[in-house]
1. Once you've got the GNM for the chain with C-alpha springs shorter than 10 Å, pick whichever of 44, 33, 91 has the biggest mean-square fluctuation.
2. Sequence gap at least 6, Cα distance under 8 Å: using those rules, report the relative contact order of the stretch 27-111 to the nearest whole percent.
3. Using the beta-carbon distance between residue 102 and residue 10 and R0 = 22 Å, what value does 1/(1 + (r/R0)^6) give for FRET efficiency, to the nearest 0.05?
4. Got a sec to turn the phi values of the stretch 42-48 into Karplus ³J(HN,Hα) couplings, 6.51 cos²θ - 1.76 cosθ + 1.60 with θ = phi - 60°, whole Hz, x for Gly and Pro?
5. Of the labelled options (1) 42, 30, 21; (2) 52, 29, 19; (3) 36, 30, 28, which one gives Cα extents along the principal axes in Å as computed for this structure?
6. If you build a Gaussian network model of the chain, linking Cα atoms that sit under 10 Å apart, which residue out of 60, 75, 51 swings the most?
7. Pull up the cross-link candidates among the aspartates and glutamates for residue 17, meaning alpha carbon to alpha carbon under 14 Å and not fewer than 8 places away within one chain.
8. When the chain is modelled as a GNM with alpha-carbon springs shorter than 10 Å, which of 34, 48, 58 fluctuates the most?
Amino acid sequence: MPADTAQVQEIDTATAKTWLDNGDAVMLDVREAPELFEARLDIATHNPMSSFNLESIPASKGKKLVIFCAHGMRSHQVAEYLLREGIVTEAYSMSGGMVAWAQAGLPHEKG
């Protein structure tokens, strides 16, 4: 039975980067394929919201699952769904998404 108390936890890009650097997180990108041409993280698993596949959620055993999109709206929705359905017990949505990551000057790829 899904947990009723689990809620999406919002984190900023600096926290996500620190977790990644420490090996404490896996990243899940729920943006659509065309958005990857603008900016992308090579360490993230791409699983677009429009065709979300539960089998493509990265294994996060012992690590935090950080979900992101362009601005943070879709990632929050996906995280809410995963928690509500009991698919995960903990999920983090990266506030500001890929836009905030790039604006913070954090490493990413273009094109």
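We did not get these values from a lab; they are worked out from the coordinates using the rules stated. What you see is a predicted model, and the numbers here were worked out from it, not measured in a lab. When we count neighbours, we look across all protein chains shown, and the Cβ atoms used for this are built from the backbone with ideal geometry, even at glycine.
1. 33
2. Numbers: 138 pairs, mean separation 30.3, N = 85.
Here the relative contact order equals 36 percent.
3. Values: r = 18 Å, r/R0 = 0.84.
With a Förster radius of 22 Å, E is 0.75.
4. 5, 8, 8, 8, 8, 8, x
5. Working out Cα extents along the principal axes in Å from the coordinates points to (1).
6. Residue with maximal mean-square fluctuation among 60, 75, 51: 51.
7. Cross-link targets: 42.
8. For the chain, modelled as a Gaussian network with Cα springs under 10 Å, the answer is 34.
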